[in-house]
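Working notes for the structure below.
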């Protein structure tokens, strides 16, 4: 169930709302609609991260799972824009020739440095993304 519709008021909110609408296949998602109540889970948070990353907005899953509404996520991004590490979220590590995507998750320790050898030797025609550490 959604709150009363409240449209986005800045570019960051618009980007997040647009991504939420794509991920949840719904129209008129407002800035106060909750990620979890829309049906969000860890898999959909990865989709959100991927789409936002393509727009140049790099965040990690904890931001989505903790702040949950486009309003709060945008507020966090705008307040922390100068201090956000560029390596949070998804990193395109190998540009592919097709529209397919592969996502590599770091091991439990959160060390994504184990992937370079794998990435260089993997035979995949699509894009390969590395989901970096999930810690804020």
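The values are calculated or read from the model by the stated rules, or taken from the named source; none is laboratory data. All values reported here derive from a predicted model rather than from experimental measurement. Counting neighbours? That spans all protein chains shown, and the Cβs are built from the backbone with ideal geometry, glycine included.
The residues in the range 46-98 that are part of a loop (DSSP other than H, G, I, E, B), crowded, with 18+ Cβ neighbours inside 10 Å and at pLDDT below 90 can be counted, and the count is 7.
When the range 1-20 is filtered for residues that are in a helix (DSSP H, G or I) and loosely packed, with under 15 Cβ neighbours inside 10 Å, only 11 remains. Just the residues that are within 14 Å of the chain's Cα centre (by Cα) and at pLDDT below 75, please, taken from the range 99-119. 105, the sole residue that qualifies.
Of all the residues in the range 21-40, those that are in contact (Cβ under 8 Å) with a residue 40 or more places away in the chain and either surrounded by fewer than 17 Cβ atoms within 10 Å (Cβ to Cβ) or touching a strand residue (DSSP E or B) at 6+ places or on another chain (Cβ under 9 Å) (or both) number 0. The single condition among (1) part of a helix (DSSP H, G or I); (2) surrounded by 14 or more Cβ atoms within 10 Å (Cβ to Cβ) that residue 43 does not satisfy is (2).
Looking across the range 54-65, the residues that are more than 11 Å from residue 12 (Cβ to Cβ) and touching a residue at least 40 places away in the same chain (Cβ under 8 Å) come down to 60, 61, 62, 63.
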